[in-house]
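Following: one structure in structure tokens, then a few remarks.
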């Protein structure tokens, strides 16, 4: 499974990648914002995208909309501090596959990912 990790915080990207490694996922790429992520997404194939919401240049929600507008059904999990019901609904309408609120545990991440692949 190849995963694209998108977050403007290098520390958070490391935390997510460490959690992925702990559950046996070692094939990852990372981007610091939605613009960089979209370029990587268009150049390579990914089985899953994990993205933050609040980022400069292009937000996670804009990234999801761009991925869906391109016709891709690649699962996208929003990992964010945005926990308000209206925000969750907005993300669902944009086409996210699942939602995980920060801070999260590696177990919580694994439970989300089990929906998309054998982890």
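State all residues of the range 82-100 that are more than 22 Å from residue 66 (Cβ to Cβ) and out of contact with any strand residue (DSSP E or B) (no Cβ under 7 Å at 6 or more places or on another chain); if no residue qualifies, say none.
Keep residues of the range 82-100 that are more than 22 Å from residue 66 (Cβ to Cβ), which gives 83-85.
Hits for the range 82-100 are 84, 85.
For the range 75-86, name all the residues that are surrounded by 14 or more Cβ atoms within 10 Å (Cβ to Cβ) and within 13 Å of residue 52 (Cα to Cα).
Our first condition is that a residue be surrounded by 14 or more Cβ atoms within 10 Å (Cβ to Cβ); within the range 75-86, this holds for 75-80, 82.
Across the range 75-86, the qualifying residues are 76, 77, 78, 79, 80, 82.
Suppose the filter is touching a strand residue (DSSP E or B) at 6+ places or on another chain (Cβ under 8 Å), at pLDDT 90 or above and crowded, with 16+ Cβ neighbours inside 10 Å; does residue 72 pass it?
Numbers: touching a strand residue (DSSP E or B) at 6+ places or on another chain (Cβ under 8 Å): no; at pLDDT 90 or above: yes; crowded, with 16+ Cβ neighbours inside 10 Å: yes.
Considered against the rule, which asks whether it is touching a strand residue (DSSP E or B) at 6+ places or on another chain (Cβ under 8 Å), at pLDDT 90 or above and crowded, with 16+ Cβ neighbours inside 10 Å, residue 72 comes out as no.
Does residue 35 count as out of contact with any helix residue (DSSP H, G or I) (no Cβ under 6 Å at 6 or more places or on another chain) and either closer than 15 Å to residue 109 by Cβ or loosely packed, with under 15 Cβ neighbours inside 10 Å (or both)? Write out each step before concluding.
Details: out of contact with any helix residue (DSSP H, G or I) (no Cβ under 6 Å at 6 or more places or on another chain): yes; either closer than 15 Å to residue 109 by Cβ or loosely packed, with under 15 Cβ neighbours inside 10 Å (or both): no.
Here the answer is no, as residue 35 does not meet what is asked.
For the range 17-32: of the residues being in contact with a strand residue (DSSP E or B) (Cβ under 9 Å, 6 or more places away or on another chain) and more than 12 Å from residue 110 (Cβ to Cβ), which is surrounded by the most Cβ atoms within 10 Å (Cβ to Cβ)? Break it down stepwise before answering.
Pass one, the range 17-32, residues in contact with a strand residue (DSSP E or B) (Cβ under 9 Å, 6 or more places away or on another chain): 17, 20-21, 25, 27-32.
Checking which are more than 12 Å from residue 110 (Cβ to Cβ) leaves us with 17, 27-32.
Working: 17: 18, 27: 10, 28: 18, 29: 18, 30: 18, 31: 23, 32: 17.
It comes out as 31.
Scan the range 94-119 residue by residue and report those that are farther than 12 Å from residue 19 by Cβ and surrounded by fewer than 11 Cβ atoms within 10 Å (Cβ to Cβ).
Of the range 94-119, the ones farther than 12 Å from residue 19 by Cβ are 94-99, 101, 114-118.
Answer for the range 94-119, where residues must be farther than 12 Å from residue 19 by Cβ and surrounded by fewer than 11 Cβ atoms within 10 Å (Cβ to Cβ): just 118.
The values are calculated or read from the model by the stated rules, or taken from the named source; none is laboratory data. Everything numeric in this text was worked out from a predicted model, so none of it was measured. Glycine also receives a Cβ, built like all others from the backbone with ideal geometry; neighbour counts cover every protein chain displayed.
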